[in-house]
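Colleague: Can you keep this structure in mind? I'll have questions shortly.
The values are calculated or read from the model by the stated rules, or taken from the named source; none is laboratory data. Quick caveat: nothing in here was measured; it's all calculated off a predicted structure. We place every Cβ from the backbone using ideal geometry, glycine too, and count neighbours over all the protein chains shown. Remember, those area values only see protein heavy atoms, side chains included, never the ligands or the DNA or RNA. Shrake-Rupley method; radii C 1.70, N 1.55, O 1.52, S 1.80 Å.
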Amino acid sequence: IVSLVEVARSALRDVRTLAHREPAVSLASELHRGADMLSAVGIDTRVEGHVEPLPPKIDELFAWAVREGITNVVRHSTATTCSISIARRYGTVSLEIENDGAALPSGAGHGLKGLVARAAELSGRASGQSVTGGRFVLNVEVPEGAGSAVTAT
């Protein structure tokens, strides 16, 4: 009986761990899913400059940024166009999502705050701002080697 109780407790811990773990994301899958979602609601989408391979931590950060950016385009704009570009230059890797039809700014939401924190963990930065012509730009930039160093434990 003691052995069965321990097995049951272990199984319960495993289920709780799985239930609270963030789902794995990848940039490639989020780009594909996001482009499909934007197309489904009639937004002309352009993806440029996919950079391969990215260190896993940058790939994950950019995946979350694409998920957040696309969600905001769909929920908070009247966009007809959206562009997503990824580039490597001057020792940094950047992701930019730009759309038209931006609503009036309502302050930084939780999603943008989360991206700012995730980028900062990789010595990078994230920002979102309205620009001329009713456009909104989400930009995430990190050092090229961010997150690829192995740490000793």
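Colleague: For a quick protection proxy, order the peptides 41-48, 2-9 by their average other-Cβ count within 10 Å, most packed first.
Modeller: 41-48, 2-9
Colleague: Another one. Which value in Å is the Kirkwood Rh of segment 21-73 over different Cα pairs?
Modeller: Kirkwood hydrodynamic radius for segment 21-73: 11.6 Å.
Colleague: Tell me the net charge near residue 129. Cut-off is 11 Å between Cβ atoms, residue 129 excluded, with +1 for each Lys or Arg and -1 for each Asp or Glu.
Modeller: That sum, taken over residues with Cβ under 11 Å, equals 0.
Colleague: Oh, and also: Just the number, please: carbon plus sulfur as a percent of the accessible area of segment 34-98, 1.4 Å probe, no ligands or DNA/RNA counted.
Modeller: Result for segment 34-98: 49 percent of the exposed heavy-atom area is carbon or sulfur.
Colleague: Tell me the net charge near residue 44. Cut-off is 13 Å between Cβ atoms, residue 44 excluded, with +1 for each Lys or Arg and -1 for each Asp or Glu.
Modeller: Taking every other residue near residue 44 into account, the sum is -1.
Colleague: Find out how many positive minus negative residues lie around residue 99, taking Lys and Arg as positive, Asp and Glu as negative, among other residues whose Cβ is under 12 Å from that of residue 99.
Modeller: Here the charged neighbours net out to -1.
Colleague: For the pair residue 29/residue 14, report the inter-label distance in nm, with labels modelled 7 Å from Cα in the Cβ direction.
Modeller: 2.1
Colleague: Still on this model: For residue 131 and residue 85, what does the FRET efficiency come to when R0 = 22 Å and r is the distance between their Cβ atoms, rounded to the nearest 0.05?
Modeller: For R0 = 22 Å, the calculated efficiency reads 0.90.
Colleague: Something else: Return the distance in nm (one decimal) between the two label points of a simple spin-label model at residue 39 and residue 92, each offset 7 Å from Cα along Cα→Cβ.
Modeller: The two pseudo-label positions are separated by 3.2 nm.
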